[in-house]
Ligand code: SF4
Ligand code: SF4
């Protein structure tokens, strides 16, 4: 990456290299529009599904959160859940945000809404007219268990046509490639092999459903496991909570600010996101300070005070963190939440 680009305002970077490359240069911040989704992928870190509450961000909050997100100078997107389930609400927020110059740069989708050619083209055109520059379209064995090859292929083809390839963060997969992905998730042996080759962070539904594919390892051997975006460390999880280094920041429909799914590090209703960032998330919540300084090892000591019995081993550092957090949640629901992530939803 050219260091010069990192110092430019996000809109200049996007103009130069497109949305897809800008993500890796400026990092991202998202409006997590809803925890509801059309599908329930086995690896979903936010535990999204059709059974989650029928809640999305309201118009007033959506616009305010967009202003706050834009102030970070990151690449801003609408994430979920599947925000396209609430398309009129999403479009309305983007319309007002665009008129103020704070429209999101892209949105994320699983492509399940691309039922036909006209819908795909018209919705992308409408979103482009309200300031959206691009799209991220998921594709892997977990998504393709549910989303048909035709819909994913159509979503990609029209996205490239309307936004341009440099603004589409998605792999160019043929219907044949997608059909192959579709065979993996229902076959437990193939799924186990895929999951071991590409281990997700074992948090949320991934922690509950996919952890069984990995052997337990001793606690002392987990400290240097990769965190969310490749960083490794010794015990601490500093890079995931440092406002300059953290790859991703989410604001959900309740104003909760999160980085690692299920750890609430602030609330955008209390004060603007940029103020939380300036002050440092770990200075404002003792539980966040614990993971910032010593990762889940500090949470384990706290959990043991409340009666938690540690296992001999866990499959992964984030998986270990998830198990301890599930125990701690009833005692600290304001930090280990929201309910959507921790409670069964199917
Ligand atoms: S991973 Fe994405 S598409 Fe899959 S259930 Fe979660 S939010 Fe929905
Ligand atoms: S161990 Fe926990 S706090 Fe650290 S990165 Fe993983 S999920 Fe986040």
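Residues in region 266-295 that are without any contact (Cβ under 8 Å) to a residue 40 or more places away in the chain and within 11 Å of ligand 2 (Cβ to nearest atom): 290 only. Filtering region 71-87 to residues that are over 8 Å from residue 109 (Cα atoms) and over 13 Å from the mean Cα position of the chain (by Cα) leaves 71, 72, 73, 74, 75, 85, 86, 87. Being assigned to a helix (DSSP H, G or I), in contact with a strand residue (DSSP E or B) (Cβ under 8 Å, 6 or more places away or on another chain) and surrounded by 15 or more Cβ atoms within 10 Å (Cβ to Cβ): is that true of residue 228 here? Taking the combined requirement at face value, the residue does not satisfy it.
Considering each residue of region 250-265, count those that are surrounded by 19 or more Cβ atoms within 10 Å (Cβ to Cβ) and away from ligand 2 (no atom under 16 Å from the Cβ), and give that number. Residues in region 250-265 being surrounded by 19 or more Cβ atoms within 10 Å (Cβ to Cβ) and away from ligand 2 (no atom under 16 Å from the Cβ): 3 in total. Checking each residue in region 236-261 for being within 16 Å of ligand 1 (Cβ to nearest atom) and either out of contact with any strand residue (DSSP E or B) (no Cβ under 6 Å at 6 or more places or on another chain) or farther than 24 Å from residue 57 by Cα (or both) picks out 253, 260, 261. Taking helices (runs of 4 or more DSSP H) as the structural unit, no element lying wholly within region 37-141 holds at least 3 residues that are surrounded by fewer than 22 Cβ atoms within 10 Å (Cβ to Cβ) and within 16 Å of ligand 1 (Cβ to nearest atom). Residue check: residue 301 meets all listed conditions (1) touching a residue at least 40 places away in the same chain (Cβ under 8 Å); (2) in the same structural domain as residue 203 (by TED's automatic domain parsing); (3) part of a helix (DSSP H, G or I) but one, namely (1).
The values are calculated or read from the model by the stated rules, or taken from the named source; none is laboratory data. As the structure is a computational prediction, the values presented were derived from the model and not from experiment. Here the Cβ is made from the backbone with ideal geometry for all residues, glycine too, and neighbour counts use every protein chain on show.
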